[in-house]
1. Work out the FRET efficiency for residue 60 and residue 427 from their Cβ-Cβ distance, taking R0 = 56 Å, and round it to the nearest 0.05.
2. For the chain, take the longest principal axis of its alpha carbons; what is the angle in degrees between that and the long axis of helix 574-591, to the nearest 10 within 0 to 90?
3. Applying the Karplus parametrisation 6.51 cos²θ - 1.76 cosθ + 1.60 with θ = phi - 60° to the phi angles of the stretch 80-91, what ³J(HN,Hα) value in whole Hz is obtained for each residue in order, glycine and proline being reported as x?
4. With just the Cα atoms of the stretch 258-439, tell me how far they stretch along each of the three principal axes, in Å, largest first.
5. By how many nm would the segment from residue 464 to residue 117 grow when fully extended, if each residue of separation counts as 0.36 nm and the alpha-carbon distance is taken off?
6. Which FRET efficiency value, to the nearest 0.05, do you get for residue 217 and residue 335 by plugging their Cβ-Cβ distance into 1/(1 + (r/R0)^6) with R0 = 51 Å?
7. Show me 512-522, 221-231 ranked by packing, highest mean number of other Cβ atoms within 10 Å first.
8. Please state the relative contact order of the stretch 243-384 as a whole percent: Cα pairs under 8 Å, 6+ residues apart?
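The values are calculated or read from the model by the stated rules, or taken from the named source; none is laboratory data. Please read all numbers here as calculations on a predicted model, not as lab measurements. Glycine also receives a Cβ, built like all others from the backbone with ideal geometry; neighbour counts cover every protein chain displayed. What goes into the accessible areas is simple: the full protein's heavy atoms, side chains included, and nothing from ligands, DNA or RNA. Shrake-Rupley method; radii C 1.70, N 1.55, O 1.52, S 1.80 Å.
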Amino acid sequence: MCGIVGYTGGKQAKSILFEGLRRLEYRGYDSAGICVVSPDGELDCVRAVGNLDNLEKVLEGFDMPGTLGIGHTRWATHGAPTESNAHPHLDCSGDIAIVHNGIIENFTRLRHELSERGHTFKSDTDSETLAHLIEEHYRGDLAEALRKGLSQVEGSFAVVAACRKNPGEIVGARRNSPLVVGIAPGEYYVASAVPAFLSRTRTVLFLDDDEILSIGSEGLKIILMDGSEVQRDSAEVGWDIDSAEKGGYEDFMLKEIFEQKKAVEDTLADKFNSRGEIEMEGLDLSGEEARNLRRIIVVACGTSYHAGILAKFLLEKWGCLPVEIEIASEFHFRDLAVAKGDLVIAISQSGETADTIASVKAARKLGARVTSIVNVVGSQMGRDSDDVIYTHAGPEIGVAATKTFTSQMAVMYPLAMSIGLLRGTVSSEICDSVMKELRSIPSKMENVLDFDGTVREVAGKFQNCPDFLYLGRSFGYPIAMEGALKLKEISYIHAEGYPAGEMKHGPIALLDDGVPVVAIATRDSVYDKMINNIEEVKARKAPVVAVTTVGDTRIADICEAVFEVPETMEVLYPLLTVIPLQLLAYHIAKFKGCNVDQPRNLAKTVTVE
Ligand code: AGP
């Protein structure tokens, strides 16, 4: 969590830093601040509690000339969201300013030792320790001071620092937290993520863990923790700035819901060759390796975990081997019985989620092969894995995952099918028919988006209900889970996602006429069972909103509202049925006046365990 930015170049830094922070605000919005090195060598710092609107107001009355600076938008870990805990943090002398993302795990001891040596702390944060450590080691070389300071640090960090005694230099480093450099003629940007500078350059340079970056009059230099220098090539990113703008929509979340057709199309584009055969870009698994697999373990958190449930079902169906699905934040803390012969599939939009990264590392250490499915190019998880398969959903700014979820699910079909083909457990006829129908899904998604107005009406009716139950069976089950997560995270309404068959084992006790049940009941192999469940719900007087297949009057007759999706294959319904549930959560949250792009207490990426 937390977004950090840095800039050095010929332009005024203040507005560039603020614009960068705006684009990273999804990473945290408890407080924000910027610091600019003035032409007469002073550090001008401004900080404000709350989101960037508050900082903007303070900045209005503040002239901050200078062409080098750093900025931060915070998701609080250590220390309440107060102004004194907002970044940038300064050392005792006020010469050095730092911004930090991550957690300094040994900060209590470091802080104690630094205090004993005379340092005075002005905040409750772990981050401030870094400013004091740099101060202790500073002998005129800022990068060297950072390198020495970081050698005492345990934990994760992306840190950027400026010093008024080195007015033309900006330094930074990372370990298990992202930091990327944007390069334009005569200018450098440093940030937690590419969208911070995407309007200015697409030329990027990804730092690796434990590398120190120094950008000064001689250009850019990278040194390792042992002091030696490394060379690194830059790369071009494919994202364009429109994908990081609202583009006329009221919120990023709504825009991203409506972008799903394109996101899925783009995601599928590099999973097939020109003859239409599956060719998974990024997966380098031979037939022999696939046949020798003992089992597959899918690990992920949150929405990505729900895509993982679908992955399990598809891999079992077509790969015919044992598949386990694991919540990453539980997985890596156990004594794992993982070994060579296991394939771990890690799913993550950001590629930064600390628990999923830790799971990837733990599994690889035990000899498993790791394939990650990631949206953000250059992210840590990709680099920690044996293979990386990209979703190409473009930047997702809304904190609630929408288009990246459908893109993750879309990847699972060719992935599970290709593993099945390599193992000889699925026929090419089945593969062809599923893949043909998969390609028709993006246009069917567009049909579903057409009834946004209907969903809004239903949302209006149920906006004041304090509890919701979401039910689905088989391929509807992960969608029930995801629908409930969407509702709770953006509208703050309590919602449970449940496998429909489990309802009778407990949750049915919650039902009465004030608890709406959202049922995924498309025409598939569990349709009759879902109708039974709906009848059981109706018998308890709970109102039912069902996601059904177009033309299904049987369900329409017994439910308060239905959202019809076009007919497709049973396995592919999840790509369609989740859309009305995303819209339902969105409209309920809007009726309640919630900020859907920045839900309270959440951050887009959870980089702490
Ligand atoms: C989804 O709406 C949430 N914001 C959250 O559950 C998210 O899916 C989870 O934190 C995992 O993130 P990742 O996909 O970037 O790893």
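1. About 0.25, to the nearest 0.05.
2. 60
3. 5, x, 10, 5, 5, 8, 6, 8, x, 9, 10, 7
4. 43, 40, 24
5. 119.2 nm
6. Working: r = 53 Å, r/R0 = 1.03.
E(calc), rounded to 0.05, equals 0.45.
7. My ranking of the peptides, most packed first, is 512-522, 221-231.
8. Values: 199 pairs, mean separation 27.3, N = 142.
Computed value for the stretch 243-384: 19 percent relative contact order.
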